[in-house]
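To start, the structure under review is shown below, and the notes come after it.
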Amino acid sequence: MKVAQIENNNLVIKDRENETLNGRKGALVKVLGCGLCGSDIVKLKQHISKEGTVLGHEIVAQIIDINSDTNFKNGDVIVTSHHIPCGKCEYCKNGNVSMCRHFKETNIRPGGFSELVFVSEEHLQNVAYIKPENLSDDEAAFYEPLGCCIRAVKRANLKQNSTTLVIGLGSIGILMAQALRSFGMKVIGCDLISSRVELLHSFGIEAFNVNEMCESINVDCVFMTSGSDKALQTALKYVRDGGKILVFSSTPLNSGYGNNEIYYRELTVLGSYSPSPADLKDSYELLKNKEVKVKGLSTQYPLQQVQKAINDTLENKILKAYIKVNA
Ligand SMILES: [Zn+2]
Ligand SMILES: [Zn+2]
């Protein structure tokens with residue numbers, strides 16, 4: 001099978017021995033495609049993942065061999081995410097499921113940018129769903145990223161009709177804004193790139209260029225999908241006193257929020273990372289009902305061009321890459 005693996009800071013196509021069930025419970029799937037996540041790029045560029053790692057976790061895949069107690073069967077096309085909480089540890093009990101050690105260890109093997117992938121029984125039972133018929137493969141691949149956004153919305157724990165500002169209108173910002181709207185919040189978005197501002201407008205959500213925002217905007221919660229210095233300044237400028245900043249992006253090293261702003265203005269700054277099975281279920285329903293629309297957001301690349309997809313994403317040439325693995 002062909003995989004894209006990390007070699008010298010790049011993703012390189014290699015042949016590997018086929019993944020098989022090999023007596024394990026779970027499913028062997030043929031990956032139809034896999035979304036390229038911002039976290040994949042961070043893992044590659046900041047040398048977080050080892051040489052030989054196969055990245056990718058936003059898969060749409062067809063079951064070709066199965067040994068499972070679930071109702072899934074050969075031929076089913078599924079979506080799944082990669083991590084599953086244990087439900088028993090202190091992190092899980094306190095609602096921080098994405099900090100659960102079992103959560104961090106579980107994965108689809110070897111990774112989404114591979115022709116064949118092993119999906120464990122635990123995945124099938126907790127986070128896998130049949131792909132809805134009314135969604136194309138690239139649309140269904142938003143299942144996991146939208147789950148991340150839904151988690152962020154829930155973590156912010158806002159009252160209905162709260163005012164929110166989404167900073168950064170890449171694919172995550174566009175999903176976040178729609179997720180906020182579906183949870184009953186008032187939403188505006190902002191970005192420095194005009195085409196992205198217009199894109200959010202086309203989804204019926206107010207959006208502005210950061211440089212043209214009204215000074216009087218004062219929101220209950222800011223959602224940071226960008227960690228640039230400009231984004232941080234923008235967040236502190238438009239959050240109301242006593243408001244919240246939901247962090248959903250890494251920042252360059254030595255960058256961050258000023259202590260005194262948090263102290264004197266009684267701000268709450270909180271992070272949100274990866275989705276729980278419940279968040280993923282909500283994501284599945286919102287995509288299926290088209291309450292969150294993702295048509296046309298991604299650009300398709302064959303597996304052989306995954307490195308180009310990364311470069312195009314970094315250069316803001318595209319909003320989101322969907323890697324077609326098996327045509
Ligand atoms: Zn992701
Ligand atoms: Zn746990």
Would you grab the residues whose amide H sits under 5 Å from the one on ILE245? Only those 5+ places off in sequence or on another chain, please, with H modelled 1.01 Å from N. VAL222, THR268, VAL269, LEU270
Three semi-axes of the equivalent ellipsoid, the chain, Cα gyration tensor, whole Å, largest first: 34, 21, 19
Quick one: check the C-alpha center-to-center distance for segment 1-31 versus segment 262-295, whole angstrom. 30 Å
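What number in nm² do you get for segment 148-271 if you take the convex hull of its Cα atoms and divide its surface by four?
Values: hull surface 27.7 nm².
Averaging across all directions leaves 6.9 nm² for the Cα convex hull.
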Compute the distance from the alpha-carbon center of segment 89-148 to that of segment 200-218, in whole Å. 33 Å
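Within segment 27-112, how many Lys pairs that are eight or more residues apart, or on different chains, come under 22 Å at the alpha-carbon? Numbers along the way, then the final one.
Values: LYS30/LYS73; LYS43/LYS104; LYS45/LYS104; LYS50/LYS104; LYS88/LYS104; LYS93/LYS104.
Taking the Cα cut-off of 22 Å, the pair count is 6.
How much net charge surrounds GLN178 when only other residues with a Cβ under 11 Å from its Cβ are counted (Lys, Arg +1; Asp, Glu -1)? Write out the running numbers ahead of the final one.
Working: positive: ARG181, LYS290, LYS293; negative: GLU291.
Here the charged neighbours net out to +2.
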Take ASN161 and ASN134, extend 7 Å from each Cα along the Cα→Cβ direction, and tell me the distance between the two endpoints in nm. 2.9 nm
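Quick one: dipole size for the chain, taken about the Cα centre, charges +1 on Lys/Arg Cβ and -1 on Asp/Glu Cβ, in debye to the nearest 20.
Details: 37 positive and 36 negative charges, 66 e Å.
Dipole about the Cα centre, nearest 20: 320 debye.
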I need the phi-derived Karplus couplings for segment 98-108: 6.51 cos²θ - 1.76 cosθ + 1.60, θ = phi - 60°, integer Hz, Gly and Pro marked x. 6, 9, 4, 5, 5, 4, 6, 7, 6, 6, 8
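About its Cα centre, what dipole magnitude does segment 148-271 give when the only charges are +1 on Lys and Arg Cβ and -1 on Asp and Glu Cβ, stated in debye to the nearest 20? It would help to have the intermediate numbers written out before the result.
Details: 12 positive and 10 negative charges, 96 e Å.
So the magnitude is around 460 debye.
Quickly estimate the mean residue ellipticity at 222 nm for the chain, helices only: each DSSP H run with n ≥ 4 gives -39500 (n - 2.57), and the total goes over all residues, rounded to 500.
Values: 12 runs with 99 residues, N = 327.
My calculation for the chain gives -8000 deg cm²/dmol from helical runs alone.
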If each K or R counts +1 and each D or E counts -1, the residues other than SER276 whose Cβ falls under 13 Å of its Cβ total +2
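Every number here is computed from the coordinates shown, using simple stated rules; none is lab data. All values derive from a computational prediction rather than experimental measurement. Please note: Cβ atoms are built from the backbone with ideal geometry, for glycine as well, and neighbour counts cover all protein chains shown.
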